[in-house]
Each structure stands twice: as structure tokens, then as C-alpha cells.
Amino acid sequence: MIEQKTIQQQFNDLVITPTQSLQGTYQTPSDKSISHRALIFGALAQGETVINRLLPSADVLRTKTALQQLGVAMTTQGEQTMISGQGGFNFNEPATALKLGNSGTTARIFLGLLAQQNFPITLNGDASLSQRPMDRVVAPLTAMGLQVQYLSSFDYLPLEILPGAQLRGLNYRMPIASAQLKSALILAALQAEQPSIIVQPAASRDHTELMLQQFGGQIQQDGLTLTVQPLHEPLFGQTLTIPGDPSTAAFFIAAALLRPNSRILIKNQSLNPTRTGFLQLLQQLNAPLTITKQTTTPESSGDVLVTSLTTQLNSLVIDRDNLGSVIDEIPIISLFATQLAGPTIIRDAQELRYKETDRLHVITVELGKLGAQIVEQSDGLIINGPTKLHRPESTLDAHQDHRIAMMLVVAELIIGEKAPIKGIESVTISNPTFIQDLISLLKDKSV
Ligand code: S3P
């Protein structure tokens, strides 16, 4: 058997020179958010669900393993995952606590999914996840009838979901625009006795709504207001293919724009409008990219052709109106902004402090080591460009945050020189093939 190289070994193999470009076709790894939801809805449905191209990343495997611990049968054959659905929220008592690792999405969504079981369930996370707030989800679920016990400290994992809740419908104005919170509430609302009304303060990714409809559930959307009907009939199993993750593609798009002589064709990435904020901003700036839409239901996807920038682009503004559509792209957008003319303003983005790391702070510190002109604000960042980035003044550190790790690798491509990155292995959270993918796209005309 051929030993798989560790991410650190792959990173050691990565050669970065000042004359490289990105060339070729890139099949973006599948979308992380849609992968989590496909597993969850497949588990709930009656009959078999077939998922083509489930993302095999660490976070998604946490959802998969946790569902298996709850008695859901799954098999994998090549790129297909087959799920034998439970035909409802009929789970088995897990023998041990559910270990959710780094996956905030699993933790938040599972609170709603498992709100009404007749046995206790303990949710555990790794050090980073155990510092991310849970009460934003627990509080409205408690209003529906959920009971939890925090096992270490209020607001944080580990926690125990207590048995025997009888969920009531909810009429709730969400204080934050969060797809994880919204999805937990939708899943609880399906189990409640009455319909629920959920009002969002701003748009966030709508994969749960789309997939619920695809599986036969009833949810109506009127502007930012959602009405969810309790499930009277089981959802039914589906066959679905997961499109590429736009938040993963964004690192390759930024790298291709910034490395001279590049041309990459990104195949089959999600073009769901709640996820394409980065592409929309680039189009407004007339960046050299062409989007070809292929499918529209239930999730749109298509190809994106990107070539290098030949003119200086102007800076960006990100605020509450478009933040939701770029929430996971802020690290790569911040790096990109260092190469734009004038100040890029990111505001209304306090939520970034509650991601895998406090991203506003970590972006400021790590890009600062490379000479970026970046000022941390309480709710965002101000990034002045264009700046010639230089080799790091001290060791770069991803702080075990996958999107910071990938941002730093792209920063090294822009500089044209490699330097060690502490925590590089965290890329497996959303893209286990990140380094290999990059190696296969990098071409050096001088070699
Ligand atoms: C996700 C929602 C987002 C995003 C996260 C994945 C999801 O968080 O940052 O990476 O799959 O629902 P919010 O809860 O802030 O929307």
C-alpha cells in the first residue's frame, strides 16, 4: 500500500518561486455546508439517499461519524455515499459522547436535530470548538422546549442534551445572521407541534431551506421571514450531487488573479447566490473572470474561468448587506485587499470573532507579519493597498484555522517565496487536497 503523505510532507514538497503561474482545470472539492446537510437529511428521510461527491474533509466526517453513532447506516462506494434513512427523528442512543472535533456546523445544527430525543446525548468538541458560543442556538431552542446542561461552563461545549423535550413552535427574530443557527431552528421546527416563524436580520446561506424542499418538507420564504411546517409525513430519500465549495475555490481564484500569466478553469462550483459574494465583488470591479452557469435546481452551479489581473483594481466595501455571502471568504479577501488600490473596508463583521479563531485578530496579526497595512476595528478591518508583501518577520501561524492556513499559503505565492506555517495541517478541515491541488496547478515557465 502506498503511504499517504502527511499535509506537512505535502507542504514540504510545495515549491514556490517568484515566476510561477496557475494553469489548468480545477475541480473544486465539494461544498462543506451542503455535504453536512446532505448527510443529515439523508439520515432523516425514508428510504435510501445517494450522495455523489460528499466532501471527505475532517468536519464532514465528524457529522458522518456522529450520525453513525446515532444508528444511521451508511456505506461508501467510490465517490458515492449511500444512507439508509431513519424515516424521521428516530435515532438510537449513542454508546458514548458525540465527538464533534472542530466542526461548529455539526455542533450547532445537531442541537436542533437532536432536541427531542428520549435519551441524553453529550456533545464534545476540540479546544477551539469548546471556545465557540453555543447559547445563541440553545437559547431559542430552550424557548421551544429543549433542555441542556452545560457540563463545563455556560455557553460552551461540552454539553448534555437532556431527554424528553416536547418541542413547541417558535416565533423568533434572530439576533444574528447565522446559517448554523437558522438551520438548527429549522430542524427543531420540523419536530414541533405548531408551525414556526423565523425572521432573519440579513441573508445567510440557504442550503438547509433548499434541501428541505428537495426532500419534500414544507418551508416558505417571504423576504427574510421563514415559515416552517412541522413534519407530518416523512421526508423521502434523494439522489444528489454536491457542487464545489465556493469558499474553497476563492483561494484559487485570488491566487490566479494575483499571479501573472495565470489561467484556470474552475469546474462545477456552487453558484448559489448566498455564497457568491466574492465573485459578485470581483465582477463589479471588472476582474477577468467568466462565469458559465450550468444547473439551477435546487442548487445552482457552474464553471468559472479566471485569468491574471492586468490592471490595478479598486478596493472593496463589505458590510451587513453582503457579509453573509462572503462570511468564510474574509481571510482570502483580506489578503486580496492588500493588492487593491485604496482602503478596503470590512465592517459589521463582529461574527468573524466567533469562527474557528477570532479571525479579525488573527488576520491582522498574520498579514501584519508580511507587511500588510491592516488595522483591526471592533467590528471589522481597514486594509490599505496596494502593498508589496515581504517574507515574514516571524513564524507564520495558522492558529489551527484552515482558512487562515490557506490564506497564508496564497500570501506566500504572492510573495514568491515559501516560509514555514505553523498549523498547516488544519487545511484538512475543509480541503484535504489543498496542497496537492496547488502543486498540480502551479507552473513555472523558468523550469
Ligand atoms: C455554515 C455557516 C456559516 C459559515 C460556516 C458554515 C453552515 O456560519 O461561517 O463555515 O454550514 O451553516 P454562520 O452560522 O455564521 O452563518
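Kindly indicate which of 25, 17 is assigned to a strand (DSSP E or B), modelled with pLDDT of 95 or more, away from the ligand (no atom under 16 Å from the Cβ) and within 25 Å of residue 259 (Cβ to Cβ).
Just a single option satisfies the conditions, and that option is 25.
Suppose the filter is within 16 Å of the ligand (Cβ to nearest atom) and open to solvent by 50 Å² or more (accessible area, probe 1.4 Å); does residue 175 pass it?
Considered against the rule, which asks whether it is within 16 Å of the ligand (Cβ to nearest atom) and open to solvent by 50 Å² or more (accessible area, probe 1.4 Å), residue 175 comes out as yes.
Regarding residue 55, is this residue over 30 Å from residue 232 (Cα atoms), within 15 Å of the ligand (Cβ to nearest atom), surrounded by 24 or more Cβ atoms within 10 Å (Cβ to Cβ) and of a type in the set (A, V, I, L, M, F, W, C)?
For residue 55, the condition - over 30 Å from residue 232 (Cα atoms), within 15 Å of the ligand (Cβ to nearest atom), surrounded by 24 or more Cβ atoms within 10 Å (Cβ to Cβ) and of a type in the set (A, V, I, L, M, F, W, C) - is met.
With respect to residue 226, is the statement that it is open to solvent by less than 40 Å² (accessible area, probe 1.4 Å), of a type outside the set (Asp, Glu) and closer than 28 Å to residue 278 by Cβ true?
yes
Could you list, in sequence order, the residues of region 393-447 that are open to solvent by 30 Å² or more (accessible area, probe 1.4 Å) and either of a type in the set (Ser, Thr, Tyr) or in a helix (DSSP H, G or I) (or both)?
Those that are open to solvent by 30 Å² or more (accessible area, probe 1.4 Å) and either of a type in the set (Ser, Thr, Tyr) or in a helix (DSSP H, G or I) (or both): 394, 395, 414, 415, 425, 428, 433, 436, 439, 440, 446.
Those residues that are more than 11 Å from the ligand (Cβ to nearest atom) and either free of Cβ contacts under 8 Å to residues at least 24 places away in the same chain or open to solvent by less than 10 Å² (accessible area, probe 1.4 Å) (or both), I need them from region 332-352; list them, please.
Result: 332, 333, 334, 335, 336, 337, 338, 340, 344, 346.
If we keep just the residues of region 1-47 that are surrounded by fewer than 19 Cβ atoms within 10 Å (Cβ to Cβ) and of a type in the set (Gly, Ala, Ser), which is farthest from residue 402 (Cα to Cα)?
Filtering first and then ranking leaves 47.
Looking at region 353-372 only, could you name the residues that are open to solvent by less than 10 Å² (accessible area, probe 1.4 Å), assigned to a helix (DSSP H, G or I) and away from the ligand (no atom under 16 Å from the Cβ)?
366, 367
List the strands (runs of 3 or more DSSP E) that sit entirely inside region 42-113 and contain at least 1 residues that are in contact (Cβ under 8 Å) with a residue 60 or more places away in the chain and aliphatic (A, V, I, L, M).
By residue number, 48-52, 80-84.
Search region 289-331 for residues being part of a loop (DSSP other than H, G, I, E, B) and small (Gly, Ala, Ser), and hand back the single one that is nearest to residue 377 (Cα to Cα).
Step by step, filter region 289-331, then rank; the result is 315.
The values are calculated or read from the model by the stated rules, or taken from the named source; none is laboratory data. Because the structure is predicted, anything quoted here is derived from the model rather than measured. Here Cβ is always computed from backbone atoms with ideal geometry, including for glycine, and neighbour counts include all displayed protein chains. All accessible areas refer to the heavy atoms of the entire protein, side chains included, with ligands and DNA or RNA removed. Shrake-Rupley method; radii C 1.70, N 1.55, O 1.52, S 1.80 Å.
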